[in-house]
Amino acid sequence: MADIERNYIDSSVATSQVRPIWRTVSDMFENQKRDQSDAINRYWDIYNCVLNDNQSYNGNSQAYVPAVRDAIEARVKRYQSMLFPKIGRQIEVISESGDRPDATMAVMESHVRTSGIENLMPAMLRAGDIEGQWSLEVMWSKKEHIAKRVREVRDEATGTEVQTLAEETVVREGPRVEVVAAQDLAVYPMTAECIDDAEIVSRRVWMTDAAMDEYVDEGWFDEKARKAASKTTKRSPGVARSEDAGQRASGTSSELYLVYKIWANIRFPGDKDSAPAVIFATGERNVLGIHANQYWSGRTPIISEPVDKIGGSFWGRSKVTHVEKMQYLLNDLINEGADSAGYSVMPIVMTDPVKNPMISSMVLGLGAIWQTNPNDTQFAEFPALWQQAFQIASAIKAQLMESLDVNESMLGYAPQGRKNAQTVAQEGEAAMASIVDTARRIENGVLTKLLEWFYELDQQFRDDELLILQTGEIGMQAKLERIQPFQLYERYFFKWNGSEQTMGAARIQQMIAAMNVIRGIPPQQLGNRKYRADAHFIGLAGGGGEAAARRIGRIAPDAKLIALSGHGDRGTVLDMVRAGVVGYLVKGGSIDEIVQAIKRAAAGRGSRRGDRRTAARRGPGPGGRPAAPLAVRQHRAPAAGVRPARSASDVVCDAREGLAGGGS
């Protein structure tokens, strides 16, 4: 078995296998990805509003209409707000045993915060729309530094407390995430369905002298090979994006080391079978390091998903592809119109130079005297072509926005034309449907996989306890807790739930609005009756359902509460039972089942299993009123590879019996 601590650069068995792998990687970057890289450069020019040779009109005006940029930024902002909602939790963790894994949840949330993924997400989303691929590399970072702290020690000779400086090693470790440009990522074969199916994966990394020396110190690079490496003047995507931000690289600052990080299977000395390896090289004749893949799973730590997947290919299509020429035409029309508008406000003077030889006196200026015959001089106007140009440009811009699934509400504009509230709501709903579909693909293809990597890296590399902040209801629940390193005794299912949280909040707002409309109906229109709501749906995924149920119970003791949640674990159900809900539904059921649950709760009937036996033993609910039987239904299938948990009804019955008997 290969030694993960060893650099196999001195092994002829290993180096002989690297040469054909390098040739494949070199061919992918130099030939197979050439057209893709050229197209991506054009798309970034469009985003950065750079006029280039693709413009047909070459006049005085040099304006650029940032239509594509505005559309992409609107999409990025909307996706960001949906993936990272400001309320509730966007992470769901389900344990194999069915219990609520609070510690695991807290660690995952801590890794999400410390890795800065929320700040990196706009860059990834923006690159996805422009380059056609969402790509990240995840790794574990561990940094140590010496800190000096003042401590008080007792002087035995004098018996007094003396302050002294003590040194201690501070370790900061955790997952690190980097956005990977599509131009710097190569996959072989190109027809692979995903990263795990690829035979070879390579990422180009642009490194400084300090970064190269750090890799030597950590044992990744051979010191002799590092000294033989030479810098390149190739313009990396990272340097290009820095130049877009106004930072110009010149001289030695633009020269970096171009290192290829390659994941492939090779046969290590002494092994019969191939094993996952990671290779570092700057060229075929300069291999910096050959190592066994250090991760327990042996997987490639690259997460890459296509935005618009092309059938039979690993890669996706950029969102700019279909609107590229429309953006060029829009610029041409705006510039032509701007020049036309400028010409139209300038007078055209026509005169006969034979009859008016003093044409040099015909100068536009205050108090100017023209020595000409007014009968032989006429004024004309340039045709107002800018009006038609701007009309056509507006139509093109509207089509461009439609092609990118962007509407007025996403851009923050007020509705154009005469639109009633229903029309505006329908447009917002249509836009939301498209956004939710893409957001869920990002969650399933990128963020959920990222959580799985966080858990795997934490298991493998974290040896010390982790001090993290666990938060609950604002102003009421918050504490620091030390989490011990994870042990390999239980499996977890991870899911990113940002879009579900956002949609849940939107649905709650819609229901509140509907309730307000219904409550405003005059009693005369309802036969002298007034509508009163008996059930509300409280979203539980953010942990606010229990507090909301208790508050509603205090305000309206006669209210009947039904909880609708995505969680069916024992801990969540038990918390809601204590809070006094009379019905508990797990998401996934039909409208009819929800209606029946409301009717059962209103009639004081519970679920079919053990309600009569346990309802009398539950004790009083909120406000001191007798607790009604609990109606529970579960409709979600267990995740693949996870042992099915007991039904929510079983969990609730056990929970109620535990409450009645003083258990927890």
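Things to note:
- Protection proxy ranking, highest mean first, for peptides 51-58, 331-338, 311-318: 331-338, 311-318, 51-58, where packing is the per-residue count of other beta-carbon atoms within 10 Å, averaged.
- Rg to Rh quotient for the stretch 98-140, alpha carbon positions, Kirkwood Rh: 1.14
- Above-threshold pairs, the threshold being 26 Å between Cα atoms, out of Lys224/Lys449; Lys33/Lys231; Lys33/Lys227: Lys224/Lys449; Lys33/Lys227
- P(r), alpha carbons of the stretch 52-203 - 10 Å bins starting at zero, rounded %: 8, 20, 23, 21, 13, 8, 5, 2, 1, 0
- Largest-first principal axis extents of the Cα set of the stretch 164-225 (Å): 64, 30, 18
- Using the Cβ-Cβ distance between Ser37 and Val595 with R0 set to 51 Å, the FRET efficiency works out to roughly 0.35.
- Gain on full extension, evaluated as 0.36 nm per residue between Arg299 and Asp53 minus their Cα-Cα distance, stands at 84.2 nm.
- Largest first, the three principal axis extents of the alpha carbons in the stretch 71-113 are 45, 18, 16 Å in whole numbers.
- For the stretch 4-100, diffusion coefficient by Stokes-Einstein and Kirkwood Rh (Cα), 25 °C, 0.890 mPa s, µm²/s: 123
- Accessible surface, per residue, of the stretch 1-45 when the full set of protein chains is kept, probe 1.4 Å, Å²: 56
- Along the stretch 63-69 the Karplus relation, 6.51 cos²θ - 1.76 cosθ + 1.60 evaluated at θ = phi - 60°, assigns HN-Hα couplings of 7, 10, 8, x, 5, 5, 4 Hz to successive residues, with x for each Gly and Pro.
- Under 5 Å, built H, 5+ apart or other chain: amide partners of Arg267: Ala275
- Pair-distance profile P(r), taking every C-alpha pair of the stretch 121-209, with 5 angstrom steps and integer %: 3, 10, 12, 14, 12, 9, 7, 6, 5, 5, 5, 4, 4, 3, 1, 0
- Taking only alpha carbon atoms, the stretch 292-365 gives an Rg to Rh ratio of 1.57, where Rh is the Kirkwood radius.
- Nearest-20 debye value, the stretch 1-118 charge dipole, Cβ charges on Lys, Arg, Asp, Glu: 360
The values are calculated or read from the model by the stated rules, or taken from the named source; none is laboratory data. What you are looking at is a predicted structure, and each value in this text was computed from that prediction instead of being measured. Note that each Cβ is placed from the backbone with ideal geometry, even for glycine, and that neighbours are counted across all protein chains shown. These accessible areas exclude ligands, DNA and RNA; they are computed on the full protein's heavy atoms, side chains included. Shrake-Rupley method; radii C 1.70, N 1.55, O 1.52, S 1.80 Å.
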